[in-house]
Amino acid sequence: MTKNVRIDESWRRRLASEFDQPYFAELRNFVRSEYATQRVYPPATLIFRAFDECPFDAVKVVILGQDPYHGPGQANGLCFAVESHAPPPPSLQNIFKEIGADLGRPASRDADLSRWARQGVLLLNATLTVREGQAGSHQNRGWERFTDSAVQALAREREGLVFLLWGAYARRKGAGIDRGKHLVLECAHPSPLSAHNGFFGCRHFSKTNDWLVAHGETPIDW
């Protein structure tokens, strides 16, 4: 089973035991059936893109999302990101606004966000696939257990990482992270429904960079 999952080798080693679990076989069969019979996002080759763009030992920052975008031409395998040719969705627009306000300069409006991943930002959704037009349609099928294992491996094996938990869902997923080993920053979700309840003004981007610099790491060019 493990050999047939196309994922970055550094992550494969950490998650190998998950690939051999019965739940993952069931998840894989479900996802294959969905791609064969429905319109599903992201494209199948991008399901594990968050891991491929940001190898295990390169991770400096973790941003946790919930679901891929479920509209055509949006989801690209990185949480909160969309294809470069697509307009930034409202949550991503608010992220850009906060970056500009926090850092005092205009943020890049490139919605792809792979530039963050290449700098060590793991952009991980809890659920890695979704059916077109049906938010949450692939939840509770096993993806959450798989991505929990990825988060736990980072929290256990690495030190000095920054975890950005935006909204109640991300906070629950990151509840077990050792605050003594890592910096965990929490606030409201950047969605227009909640951004004014604490996301705007959170200054997570400058706080992240201050932490990285203090620990001898290169800051993120947001």
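Mind giving me the nanometre distance, one decimal, between the label points for Asn4 and Gln21, set 7 Å out from Cα along Cα→Cβ? Output for this residue pair reads 1.9 nm. For region 47-63, 3J(HN,Hα) computed residue by residue from phi via the Karplus equation (6.51, -1.76, 1.60; θ = phi - 60°) reads 4, 9, 4, 4, 6, 5, 6, 9, x, 3, 7, 8, 5, 10, 9, 10, 10 Hz, glycine and proline entered as x.
Which shape class applies to region 37-163: rounded if a/c is under 1.5, otherwise prolate when a/b exceeds b/c and oblate if not, where a ≥ b ≥ c are the square roots of the Cα gyration tensor eigenvalues? Walk me through the intermediate numbers first.
Values: a/c = 1.89, a/b = 1.07, b/c = 1.77.
Taking the square roots of the gyration eigenvalues as a ≥ b ≥ c, region 37-163 is oblate.
Based on C-alpha pairs under 8 angstrom that are at least 6 apart in sequence, the chain has a relative contact order of 22 percent. At a threshold of 8 angstrom on Cα-Cα distance, excluding pairs fewer than six apart, so keeping six or more, what relative contact order does region 92-222 reach in percent? Contact order relative to length: 28 percent. Extension gain, Glu83 to Asp110: 0.36 nm times the residue separation minus the Cα-Cα distance gives 8.8 nm.
Can you give the accessible area of Thr45 in Å² (nearest 10), computed on protein heavy atoms with a 1.4 Å probe? Accessible area, nearest 10 Å²: 120 Å².
Temperature 25 °C, viscosity 0.890 mPa s: under these conditions the Stokes-Einstein estimate for region 131-213, based on its Kirkwood radius over C-alpha pairs, is 172 µm² per second.
When Arg6, Arg158 are compared by accessible area at a 1.4 angstrom probe, the order from most to least is Arg6, Arg158. Amide H to amide H distances under 5 Å link Lys60 with Val121, Leu122, where only residues 5 or more positions off or on other chains count and H is placed in the peptide plane. Cysteines in the chain that lack a partner Cβ within the 4.7 Å cut-off: Cys54, Cys79.
Looking at region 97-155, the accessible area is 38 square angstrom per residue; that uses a 1.4 Å probe and ignores ligands, DNA and RNA. So what J values fall out for region 162-172 if you push phi through Karplus, 6.51 cos²θ - 1.76 cosθ + 1.60 with θ = phi - 60°, rounded to Hz, Gly and Pro as x? Couplings: 10, 10, 9, 10, 10, x, 4, 5, 5, 4, 5 Hz. A 1.4 Å probe, protein heavy atoms only, puts the accessible area of Val40 near 10 Å². Under the convention that each Lys and Arg Cβ holds +1 and each Asp and Glu Cβ holds -1, the size of the dipole of the chain around its Cα centre is about 200 debye. Restricting attention to the chain, close to 20% of DSSP beta bridges with both partner residues there are antiparallel.
If Asp110, Asp210 are ordered by their accessible area, calculated over protein heavy atoms with a 1.4 Å probe, which sequence runs from highest to lowest? Before the final figure, lay out each step's value.
Working: Asp110 65, Asp210 105 Å².
From most accessible down to least: Asp210, Asp110.
The values are calculated or read from the model by the stated rules, or taken from the named source; none is laboratory data. Everything numeric here is computed off the predicted structure, so don't read it as measured data. All Cβ positions, even for glycine, are placed from backbone atoms using ideal geometry, and neighbour counts span all protein chains on display. Accessible surface areas use protein heavy atoms only, side chains included; no ligands, DNA or RNA. Shrake-Rupley method; radii C 1.70, N 1.55, O 1.52, S 1.80 Å.
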